[in-house]
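The values are calculated or read from the model by the stated rules, or taken from the named source; none is laboratory data. Please read these numbers as outputs of a predicted model, since none were measured by experiment. A quick note on method: Cβ atoms are made from the backbone with ideal geometry, for glycine too, and the neighbour counts reach across all protein chains shown. What goes into the accessible areas is simple: the full protein's heavy atoms, side chains included, and nothing from ligands, DNA or RNA. Shrake-Rupley method; radii C 1.70, N 1.55, O 1.52, S 1.80 Å.
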Amino acid sequence: MNGLLFPHARQVVRIRRRRRPLAAKKWTEEIVYAVTDLPAEQASADEIASWARDHWKIKNCVHWIRDVVFGEDARTIRTRNTPAVMASLGDIVRGTLRLLGWVNTASARHAHTDPATILRLQGIT
């Protein structure tokens, strides 16, 4: 690891990601690098790969729901602690929906905000 700009680096990992959005025909590839101060005895290549996958599980599960389902990126509120409060409320809603048995947060949100769906669930047509 000599010569890197990371003075305590012990390992450098090259990660190749391939993905294809559902509507696309072509695969895209991205290559990223990770640097760690853990020696190989403390973090094997398999462990580091697992940590990278776990990071993307969080990104895909939590952040995607925040950004797409709850529209966090489109919000225009920027004052004081309001963005953090709104994010916390979204997390509470997401957690509550999970506790109620909803697996798909987007469909759960739709079911609880669409007037026609609400009336149907209440037995009013």
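Data table
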{"item": "Meets criteria (more than 30 Å from VAL32 (Cα to Cα), modelled with pLDDT of 80 or more and open to solvent by less than 70 Å² (accessible area, probe 1.4 Å)) for THR82", "result": "yes"}
{"item": "Residue under evaluation GLU29, criteria (1) closer than 30 Å to ARG94 by Cβ; (2) modelled with pLDDT of 90 or more, criterion not met", "result": "(1)"}
{"item": "From ILE48, ILE92, residue being in contact with a strand residue (DSSP E or B) (Cβ under 7 Å, 6 or more places away or on another chain) and either of a type in the set (Val, Ile, Thr) or exposed (fewer than 10 other Cβ atoms within 10 Å of the Cβ) (or both)", "result": "ILE48"}
{"item": "Scope the range 14-35; condition open to solvent by less than 100 Å² (accessible area, probe 1.4 Å), within 18 Å of HIS55 (Cβ to Cβ) and either over 22 Å from the mean Cα position of the chain (by Cα) or not β-branched (Val, Ile, Thr) (or both); matching residues", "result": "ARG17, GLU30, ALA34"}
{"item": "Residue ID - least open to solvent (accessible area, probe 1.4 Å), chosen from residues in the range 51-79 that are of a type outside the set (S, T, N, Q) and under 15 Å from ARG17 (Cα atoms)", "result": "ALA52"}
